[in-house]
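Report on the structure given below.
The values are calculated or read from the model by the stated rules, or taken from the named source; none is laboratory data. Note that the structure is a prediction, hence the values are computed from the model and not measured. Glycine also receives a Cβ, built like all others from the backbone with ideal geometry; neighbour counts cover every protein chain displayed.
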Amino acid sequence: MPALVFANELGEIQDFPELDMAGRSGSWFFRPELTDLIPLPEGSDLFVLPRRNPIGIEKNSGEPVLLDTNPYDSASGIQAVAAFMAPAHTAIFSAAYEKKSADVPPLPLFAYTAVGWLDGQFWVCGFRSDMDIRQDSAGFNPNRIRKMTQKKLRAFPANRLIQHLGKCSLTYSCPAAKNYFLGRYEAPLPTSPGCNAHCVGCISLQTSGCCLSTQDRIQFVPTPAEIAEVAVPHLESAARPVVSFGQGCEGEPLLQAETIAKAIRLIRRQTTRGTINLNSNGSLPEAVACLADSGLDSIRVSMNSARKGCHTLYYRPQGFDFKNVLESILVMKKASRFVSLNYFILPGFTDNPEEFAALCDLVDLYRPDLIQLRNLNMDPDWYFETVQQPVREKPMGILRWLTALRQRFPDLIFGYFNPPLR
């Protein structure tokens with residue numbers, strides 16, 4: 001079993017073999033099973049968690065143990081450590097720690113996976129949830145990305161969308177933007193500077209002052225011509241291409257449904273290749289119907305919870321409710337289009353028995369085609385406070401949760417990315 005890891009006040013990471021690593025699921029701490037562990041994926045990051053003490057597992061008793069002092073040098077401080085796994089990987093346990101005081105500010109908007117050390121390498125509690133290599137770090141050559149991005153920016157100085165994506169590629173290292181400039185896989189089409197939800201964990205706009213957003217939101221609405229100038233060449237030249245409205249650097253694309261509908265029609269007048277996808281909160285079913293009529297191939301509806309109460313507390317919707325989200329799924333299914341759920345994964349919440357039952361009811365009624373197993377990018381403590389998650393039953397465990405879903409819904413697909421459909 002990998003050992004607990006911690007960092008001193010300088011951020012230097014050490015292992016402590018006297019304690020096994022622990023994983024957190026909601027309010028519980030567990031020693032991982034060997035089947036829960038994989039080597040830290042290439043392209044992952046390690047985070048130091050300020051003002052948080054690490055928790056490990058006592059080898060003999062299996063009980064969680066709080067390590068509140070650096071065992072090698074009591075004067076050098078101690079901090080918990082977490083992993084931010086590379087894309088296409090899903091967490092089984094969150095990092096195990098305890099805040100040093102109640103007034104500790106929330107962690108930045110990333111996912112925090114349990115990590116340990118064994119045999120000269122880091123191990124994490126997670127699994128590969130999609131074998132698609134489109135965002136694997138080994139496929140990104142920084143020099144080539146910079147060269148191809150700059151070349152495209154020079155070639156299209158008047159296209160504001162291309163210029164915006166250049167910042168996403170070169171400043172924020174967005175994998176989707178980099179793939180666009182490399183001419184492959186899925187290309188992003190951010191369109192909407194506004195949003196009709198005030199998501200607590202929004203990564204492009206934070207008005208609460210509690211933590212910084214991880215990227216800037218687009219400040220303009222591109223024209224249909226600008227959108228088509230990005231999409232058409234990509235769909236024409238890339239292998240199994242996808243273009244997607246609704247990115248992390250924008251608000252809700254359904255607020256720009258008229259522009260997007262015009263863009264889709266313009267794109268389809270020039271090419272029939274590839275998949276046109278929309279990532280959305282699903283708030284406006286009438287707009288979804290309009291886009292389906294315009295030629296939208298697939299939709300990915302983001303959802304933190306299949307329960308109305310928890311969904312509302314996280315999304316803080318403005319002018320829509322959970323019923324509208326479900327109606328948007330139904331609209332696309334009635335149009336015989338592909339529906340994915342971008343179902344945020346957080347151990348201890350996702351696999352809560354009540355949440356599992358609600359998700360099963362949703363799948364039974366609305367029959368989505370795919371569940372994307374994407375980690376929730378939010379401080380777990382902050383999230384549980386936000387959704388007012390009651391502590392009733394121990395979580396099922398993420399792997400058991402996934403196995404139960406596969407058995408109950410054998411036709412349901414699980415993955416991480418928007419799939420190419422044609």
Residue satisfying all of: in the stretch 162-191; more than 19 Å from the chain's Cα centre (by Cα) and in a loop (DSSP other than H, G, I, E, B); surrounded by the most Cβ atoms within 10 Å (Cβ to Cβ) among these: T191
Contact list please: Cβ distance under 7 Å, first residue in the stretch 134-158 and at positive phi, second residue of a type in the set (S, T, Y) and modelled with pLDDT under 95, pairs at least six apart or on different chains. none
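For the stretch 125-143, name all the residues that are over 21 Å from V242 (Cβ atoms) and surrounded by fewer than 22 Cβ atoms within 10 Å (Cβ to Cβ). Walk me through how you get there before you give the answer.
Residues of the stretch 125-143 over 21 Å from V242 (Cβ atoms): 125-127, 141-143.
The answer is F127, N141, P142, N143.
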So S94 fits all but one of (1) more than 30 Å from L182 (Cα to Cα); (2) under 17 Å from the mean Cα position of the chain (by Cα); (3) surrounded by fewer than 17 Cβ atoms within 10 Å (Cβ to Cβ); what number is the exception? (3)
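Please pick out the residue among R337, R400 that is of a type in the set (K, R), out of contact with any strand residue (DSSP E or B) (no Cβ under 9 Å at 6 or more places or on another chain) and modelled with pLDDT of 95 or more.
Sole residue among the options that is of a type in the set (K, R), out of contact with any strand residue (DSSP E or B) (no Cβ under 9 Å at 6 or more places or on another chain) and modelled with pLDDT of 95 or more: R400.
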Regarding G295, is this residue at pLDDT 95 or above, within 18 Å of the chain's Cα centre (by Cα), more than 21 Å from A176 (Cα to Cα) and not hydrophobic (A, V, I, L, M, F, W, C)? no
Test T69 against the stated conditions and say whether it is in contact (Cβ under 8 Å) with a residue 24 or more places away in the chain, surrounded by fewer than 19 Cβ atoms within 10 Å (Cβ to Cβ) and among the polar types (S, T, N, Q). no
Odd one out for R392, checked against (1) in the same structural domain as A187 (by TED's automatic domain parsing); (2) in a loop (DSSP other than H, G, I, E, B); (3) at pLDDT 95 or above: (3)
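If we scan the stretch 132-151, do we find a residue that is part of a loop (DSSP other than H, G, I, E, B), over 18 Å from the mean Cα position of the chain (by Cα) and of a type in the set (A, V, I, L, M, F, W, C)? Don't jump to the end; show me each part of the working.
Of all residues in the stretch 132-151, those part of a loop (DSSP other than H, G, I, E, B) come to 132-136, 140-141.
With the extra rule that they be over 18 Å from the mean Cα position of the chain (by Cα), the set shrinks to 140-141.
Now narrow it down to the ones that are of a type in the set (A, V, I, L, M, F, W, C): 140.
Yes, some residue in the stretch 132-151 is part of a loop (DSSP other than H, G, I, E, B), over 18 Å from the mean Cα position of the chain (by Cα) and of a type in the set (A, V, I, L, M, F, W, C).
Surrounded by 13 or more Cβ atoms within 10 Å (Cβ to Cβ), on the phi > 0 side of the Ramachandran plot and of a type outside the set (A, V, I, L, M, F, W, C): is that true of G77 in this structure? Outline the logic, then answer.
Details: surrounded by 13 or more Cβ atoms within 10 Å (Cβ to Cβ): yes; on the phi > 0 side of the Ramachandran plot: yes; of a type outside the set (A, V, I, L, M, F, W, C): yes.
Answer is yes for this residue.
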